[in-house]
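Notes for the one structure printed next.
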Amino acid sequence: MPRILIVEDEPDIALGLEDDLTVEGHEVQVVRDGETASRLAREPGWDLILLDVMLPRKDGFDVCRELRRARVQTPIILLTAKAQEAEKILGLELGADDYVTKPFSPRELRARIKAVLRRFAPPEQDTYRFGEVEVDFARAEVRRAGAAIEITPIEFKLLAAFIKHRGRVLSREQLLDAGWNHDTHVTDRAVDAHIVNLRRKIEPQPTEPKFLLSVRGLGYRFDG
Ligand code: CA
């Protein structure tokens with residue numbers, strides 16, 4: 001659960017942000033002045049700081065500058081009241097990662113938060129598990145119930161592409177790109193054939209796939 005520090009002195013906005021981000025599954029804490037923010041933000045464990053610019057006791061620019069000088073690397077999104085170009089540029093120069101101009105829509109802010117969190121997420125893990133399958137990217141190996149299974153390089157590349165884009169439909173064309181590196185002799189049918197083989201290796205019941213699903217007319221989707 002990402003932890004977000006909200007620094008905002010206007011009670012209505014602070015409350016709105018707190019509610020909205022809590023519903024989104026974030027753990028949040030609100031502080032209302034720059035001095036407290038500067039102190040609290042140095043404590044470990046924050047994933048993001050939402051930092052208003054106009055604050056009592058110390059403004060958001062100063063807080064941002066102090067934190068970066070203190071080598072606090074936590075991503076910062078500035079909440080700027082003025083849509084002035086100079087303010088945005090100053091904020092980014094001081095080490096903020098993004099800014100949102102007030103008044104902002106909750107939806108816009110959520111999108112920015114998501115993008116910043118994604119940018120700062122730790123690198124993908126070396127292994128990925130679904131069902132009784134474990135994919136080991138470092139060793140290019142797939143294990144099922146603990147035992148290594150035979151998998152061709154193309155099947156491995158396809159599986160890696162599915163895991164990377166899990167939950168999204170991949171077209172046969174995208175899968176061709178992922179598996180074959182622009183080999184023009186390969187047809188869509190070859191993709192289908194490899195999917196059949198892959199299902200035999202990773203699905204509990206290959207004829208009724210649970211992870212590697214066909215999406216009619218579009219391609220395939222991995223729900224693992
Ligand atoms: Ca303010």
**Message:** Looking only at the range 10-44, how many residues end up being of a type in the set (Gly, Ala, Ser) and in contact with a strand residue (DSSP E or B) (Cβ under 6 Å, 6 or more places away or on another chain)?
**Reply:** 3
**Asked** Which residue out of Arg112, Arg119, Arg139 is over 30 Å from Ile4 (Cα atoms) and either open to solvent by 70 Å² or more (accessible area, probe 1.4 Å) or not assigned by TED's automatic domain parsing to the domain that holds Asp192 (or both)?
**Response** Arg139
**Asked** How many residues does the range 98-109 contain that are crowded, with 16+ Cβ neighbours inside 10 Å and part of a helix (DSSP H, G or I)?
**Response** 1
**Prompt:** What residue, among those in the range 120-156 that are among the basic types (Lys, Arg) and modelled with pLDDT of 90 or more, is nearest to Pro204 (Cα to Cα)?
**Reply:** Arg144
**Request:** Kindly check whether there is at least one residue in the range 187-194 that is part of a loop (DSSP other than H, G, I, E, B) and closer than 25 Å to Ala138 by Cα.
**Result:** no
**Request:** For Ala193, state whether it is small (Gly, Ala, Ser) and surrounded by 12 or more Cβ atoms within 10 Å (Cβ to Cβ).
**Result:** no
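Pick from Gly167, Gly131, Gly146: which is in contact (Cβ under 8 Å) with a residue 60 or more places away in the chain and loosely packed, with under 15 Cβ neighbours inside 10 Å? Even if it seems obvious, please write down each step before you answer.
On the way: Gly167 fails: in contact (Cβ under 8 Å) with a residue 60 or more places away in the chain; Gly146 fails: in contact (Cβ under 8 Å) with a residue 60 or more places away in the chain.
The match here is Gly131.
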**Item:** Test: residue in the range 51-59 that is within 21 Å of Met1 (Cβ to Cβ) and modelled with pLDDT of 95 or more
**Value:** yes
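The values are calculated or read from the model by the stated rules, or taken from the named source; none is laboratory data. Fair warning: this is a prediction, and the values are worked out from it, not measured in the lab. When we count neighbours, we look across all protein chains shown, and the Cβ atoms used for this are built from the backbone with ideal geometry, even at glycine. These area figures cover heavy atoms from the full protein model, side chains too; ligands, DNA and RNA do not enter into them. Shrake-Rupley method; radii C 1.70, N 1.55, O 1.52, S 1.80 Å.
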